[in-house]
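Asks: Before I ask anything, here is the structure I am working with.
Rule-based calculations on the coordinates, nothing more; no lab input. Everything numeric here is computed off the predicted structure, so don't read it as measured data. With ideal geometry, Cβ positions are generated from the backbone for all residues, glycine too; neighbour counts draw on all protein chains shown.
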Amino acid sequence: MARGTRLDEQEFIEFIARLIAGPPGRRAAPAAAVPRRGAPAAPRTLLGIGDDAAILRWPQGADLLLTTDFLTDGVHFRRSWMPGFLLGRKSLAVNISDIAAMGGVPRACVLSIGLPRDTGAAYAREVARGIADQARRHAVTIVGGDTCAAERLFVNVALLGSVPPGRAVRRGGARPGDGLYVTGALGAAGAGLAVLESDRARRAGGARRRSSRGGPARLPIQARKAVQAHRDPEPRALVGRLLGESGVARAMIDLSDGLVQDLPRLCAASGVGAIVEAAAVPVAPAAVGAVGPARARVLAISGGEDYELLFAARAADAPAIGRLARVSGLPIARIGQVLPRRHGVGLLTTAGRYVPFARLPRGFVHFRTRG
């Protein structure tokens, strides 16, 4: 790509192609710690970037998974506080999280990038580098896409994954009596967004100096970790794959919009109700350090973009879940129970009060009407 600051579409496409190919003789890194035992063979790329469509030879013995997500400036992030490299990583991570929630393995993707005319070439290159870095970490092949000028910066990824026939984990398999479990800890991403928003407000009032890396300057370590959780989430590819492969997860969803919105979606698909114990919900230490314990607990329930996995499992599978946690190196906590539909979806607060989820604060909502 030219060294100047102006973008040229063909040069940018060629730059992405070179990133994917890597240095001569270099092999793609395997998916991070994702076991291949029992998995269908990966598709073979017959033709990638450079034609009107990619050609993949899909192996027999696999069900195809397909997902897509947009990240748009001013809606999902702000370019002023999102480094290009992390934007690229996140744009693929959120799609990998969807495949993980189905118990599958991410395989190949196409990406579309809309770039405002004032976007510098250096920032665009960093976005591409971030996407390529995430793709290498999870053995995802980038096989094509599109670029265009846009009023707002956006990145859209469409990701293909695979799962053994009939083994995809859907949202609709939960049954009364199942336990509800969540991976990792919640609230860090929401706390990170709160830190970024508060820093923006302070800078607007002239009370804070912006750092040279596009984010808040001189933050305490826990606040920095929370900001990192928001800008650079880690998709739970390994544990999602293990939960699907083992048959432990009867229903599963990734927590992109927060527990308060995503659990009702799982329950609606399964035709069940649920109760969550607030005291059992694991709260991320970074959230506590960034916004305090009370606010952190609220964000663990109502915040979004943690991209942890929420799943339902039989009571008899509790020992197997413990083993999966040890194998994956990721904590898995039981936070509640699936109930008959007539009970609705509710929260048992730490004070012992029952609150329907419909009355709890909601996290991010697309197309929310401004009052």
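Asks: With each pseudo-label sitting 7 Å past Cα toward Cβ, what's the residue 117-residue 63 distance in nm, one decimal?
Replies: Spacing of the two 7 Å Cα→Cβ label points: 4.8 nm.
Asks: Sort 245-256, 61-72 for me by packing, meaning the mean count of neighbouring Cβ atoms within 10 Å per residue, highest on top.
Replies: Descending mean neighbour count gives 245-256, 61-72.
Asks: Please give the contour-minus-distance gain from residue 197 to residue 158: 0.36 nm per residue of separation, less the Cα-Cα distance, rounded to one decimal in nm.
Replies: This chain segment gains 11.1 nm when fully extended.
Asks: Arranged from highest to lowest average of other beta-carbon atoms within 10 Å per residue, in what order do the peptides 138-151, 181-194, 102-115, 283-296 appear?
Replies: Ranking, from highest mean packing down: 181-194, 102-115, 283-296, 138-151.
Asks: Given H placed 1.01 Å from N in the peptide plane, which residues other than close sequence neighbours of residue 147 have an amide H under 5 Å from its amide H?
Replies: 113
Asks: What distance in nm lies between label points placed 7 Å from Cα along the C-beta direction at residue 323 and residue 279?
Replies: 3.1 nm
Asks: Hey, another quick one. May I ask which residue of 291, 346, 251 lies farthest towards the positive end of the charge dipole of the stretch 171-359, with charges of +1 (Lys, Arg) and -1 (Asp, Glu) on Cβ and the Cα centre as origin?
Replies: 291
Asks: Rounded to the nearest Å, what's the spacing between the alpha carbon centres of the stretch 249-267 and the stretch 157-191? Just the number, please.
Replies: Spelled out, the Cα-based centre of one part sits 7 Å from the other.
Asks: Then there is this: Relative contact order for the stretch 171-359: what is it in percent, counting Cα pairs under 8 Å that are at least 6 residues apart?
Replies: Result for the stretch 171-359 is 40 percent.
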